[in-house]
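Below: the structure, in structure tokens.
Laboratory data are not the source of any read-out in this text; all were calculated from the coordinates shown. All figures in this text were calculated on a predicted structure; none of them were measured in a lab. For neighbour counting, all protein chains shown are included, and Cβ atoms are generated from backbone atoms with ideal geometry for every residue, glycine included.
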Amino acid sequence: MNRCLLPENSRLLLYGDLQGDPELREEIATYLHQIRGVRCSSEQIIIGAGTYHSLDLLFQLLKRDVSCMAVEKSVNNGVKALLEQFRFDLHPLHLESDGIRIEEVYNSKAQAVYVTPSHQFPFGMTLSVNKRIKLLNWAKEHNAYIIENDYDGEFRYNGRPIPSLQSLDNDERVVYVGTFSKVLTPSFRISYLVLPHTLLEQFRLGRHSYDQLASPIFQKTLQLFMQSGDFERHMRKMRSLYHKKHDILLQAIRHVFQDINIDIIGTGSGLHILLRVRNGMNETQLVQTAKQKGVIVYPTSIYTLKQELTATPTVLLGFGGLSEMDIRTGIELLNKAWSAE
């Protein structure tokens, strides 16, 4: 390979700085403070090649001190696979309208907790301020860590974005995890960790098998995009676009589903909602009949840590990549698929 194809700073990044491009980390630190209230220096930021890559590093750093981890009872499939790979003793936490049951955290004997407090995946509830404070107190009392996956915290449509859990942390117990895949594109594999200083020290001591896999060219591109102010303008545009799609989806559901008893869950933020459907079909039938009409919806049972039967089947609908016409047409087709013959 002609080494001149890469600028000098990119070659150094490939072989040297495991934390990522220093200038990009400066931009991310400023962005997180402005948008999510995160309090950190650029030195605390570790760039990764996607959320799973970042979590893999984090779990390597935690496995010496964490044997039991309390986890929301439903999590992303990739996260669930990573947790199983590291063989943590998992303690599922039941979900309420305002987030996890805090008393279950206290009863768990866990040394760490994994949460998606701004927009629980997949059910969409937000962890209340009261529970956030209790969770932080638990972490301080037990010298434990809280893993905050803020995968789409930028997209909140009812009022201002809720500050991150990390922004309330005065004792360096929260590890903040974020990604640019939602705000840019999934193929742009740039994620990041914000590490408390105790874990940062372990990282620098090399207590991991971490390789910097995030493309140096992507990192430099993102840094220049953020530095120019174009990223901020892009974010305003995307919030407006997704807000409009979110509202169109809700309007279509409420207008079209007249003869089917449904509950809409997880509205007001993010790029997906859930429908709890009472038409006599089970979850598999809901997914299959929708697919027969050309509409893809997703089961939610696959996200549970421990498989269990649910009284009312619930499916997930994503809308981020759909046009307004696709959304309206899709809901019409779902109504036909799920209506009694």
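Per-structure values
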read-out: Filtered GluC sites (Glu not before Pro), the stretch 259-335: DSSP coil and at most 11 other beta carbons within 10 Å; value: Glu308
read-out: Label of the coordinate-derived value, Rg and Dmax of the Cα atoms in Å, listed as (i) 18.2, 56; (ii) 23.1, 81; (iii) 21.0, 66; value: (iii)
read-out: Proximal lysines relative to Lys291, as straight alpha-carbon distance under 18 Å, when same-chain residues fewer than 8 apart are discounted; value: Lys336
read-out: DSSP beta bridge pairing in the chain, given as percent antiparallel to the nearest 5; value: 60
read-out: Sparse-neighbour loop sites [chymotrypsin sites (Phe, Trp or Tyr not before Pro); the stretch 11-100; at most 13 other C-beta within 10 Å; DSSP]; value: none
read-out: Within the stretch 73-127, trypsin sites (Lys or Arg not before Pro) in DSSP loop having at most 10 other beta-carbon neighbours inside 10 Å; value: Arg87
read-out: For Ala214, residues with placed amide H under 5 Å, excluding near neighbours; value: Ala49
read-out: Local net charge near Val315, Cβ-Cβ under 15 Å (Lys/Arg +1, Asp/Glu -1); value: +2
read-out: Under Karplus coefficients 6.51, -1.76 and 1.60, residue-wise ³J(HN,Hα) of the stretch 36-51 in Hz, glycine/proline x; value: 10, x, 5, 10, 6, 9, 4, 5, 7, 9, 10, 7, x, 9, x, 4
read-out: Under-5 Å amide H pairs with Val174, H placed in peptide plane, nonlocal only; value: Ile146
read-out: Share antiparallel - DSSP beta bridges, the stretch 67-182, percent rounded to 5; value: 10
read-out: Subset of Lys63/Lys244; Lys63/Lys131; Lys134/Lys237; Lys73/Lys237 violating a 32 Å alpha-carbon distance limit; value: Lys63/Lys244; Lys134/Lys237; Lys73/Lys237
read-out: Using θ = phi - 60° and Karplus 6.51 cos²θ - 1.76 cosθ + 1.60, couplings along the stretch 21-26 (whole Hz; Gly, Pro as x); value: 4, x, 5, 5, 5, 5
read-out: Proximal aspartates and glutamates relative to Lys182, as straight alpha-carbon distance under 17 Å, when same-chain residues fewer than 8 apart are discounted; value: Glu148, Asp150, Asp152, Glu154, Asp230, Glu232
read-out: Inter-probe distance in nm under a simple model that places probes 7 Å from Cα toward Cβ, at Arg254 and Lys63; value: 4.9
read-out: Environment charge of Leu200, counting only residues whose C-beta is closer than 11 Å and scoring Lys/Arg +1, Asp/Glu -1; value: -2
read-out: Estimated [θ] at 222 nm from DSSP helical runs (n ≥ 4, -39500 (n - 2.57)) normalised by residues in the chain, nearest 500; value: -12500 deg cm²/dmol
read-out: Taking the convex hull of Cα positions in the stretch 204-341, its mean projected area over all directions (nm²); value: 12.6
read-out: J(HN,Hα) series, the stretch 122-133, from Karplus relation 6.51 cos²θ - 1.76 cosθ + 1.60, nearest Hz, glycine and proline x; value: x, 7, x, 6, 10, 5, 5, 4, 4, 6, 4, 5
